[in-house]
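The values are calculated or read from the model by the stated rules, or taken from the named source; none is laboratory data. None of these values were measured; they are calculated from a predicted model. All Cβ positions, even for glycine, are placed from backbone atoms using ideal geometry, and neighbour counts span all protein chains on display.
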């Protein structure tokens, strides 16, 4: 099926950028020139340029025109699923604790809570081929009447846990990754008797008002978890 004209304009300009026919800083042909080249209206041309702007290929400067952007070589897309990574997949979970509790000082600060605002605390163990590979803690802001379904909590990823109350399309996610030695609780749950380093992934979820709605911390054994990220300007959008 043939692409609409405005998308043909988008793809043609992308091809020129990817082939270096148009380099960073180069001017894109004017709207009048594009109208003439593609035999289309100015509105159609502007629709195509708007897509290129939104995808980061070009920048429009009022009164001067549109110019090819410099690609962001420091930007990567990290693929993260707490139940699966490059080394193993979680094939069993054990629910250790589900409680409605008051937040600690750290959670009050991290989730912008009042000291009397209740949260749901979830603790789980993750297994792969019979081995304990991760200790998982989740903190969800509790709302009155909010059901706590242990079956869903036991097997769900963090976004899954809140998807019953908030559309996944409305959730903003932030990840923080660090290497840490286990504290006493984590070492006990993972049966660690030496100083095996942990890969610690902290997830924070936000609603459409950019307010925190939950915090998750997963402590992976360093020898059982490997993450990957990719960077390709051609995959923008």
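Go through region 51-73 and count every residue that is assigned to a loop (DSSP other than H, G, I, E, B), surrounded by 14 or more Cβ atoms within 10 Å (Cβ to Cβ) and within 23 Å of the chain's Cα centre (by Cα). The qualifying residues number 4. All conditions but one from (1) within 30 Å of residue 219 (Cα to Cα); (2) assigned to a helix (DSSP H, G or I); (3) in contact (Cβ under 8 Å) with a residue 60 or more places away in the chain apply to residue 78; the one that does not is (2). Please go through region 23-49 and give me each residue that is surrounded by 14 or more Cβ atoms within 10 Å (Cβ to Cβ) and within 31 Å of the chain's Cα centre (by Cα), ordered by number. Within region 23-49, 46, 47, 48, 49 qualify.
The residue of region 49-63 that is nearest to residue 21 (Cα to Cα), among those that are touching a strand residue (DSSP E or B) at 6+ places or on another chain (Cβ under 8 Å) and free of Cβ contacts under 8 Å to residues at least 12 places away in the same chain, is 59. Counting only residues that are part of a loop (DSSP other than H, G, I, E, B) and either at pLDDT below 90 or touching a helix residue (DSSP H, G or I) at 6+ places or on another chain (Cβ under 9 Å) (or both), region 81-95 holds 6 of them.
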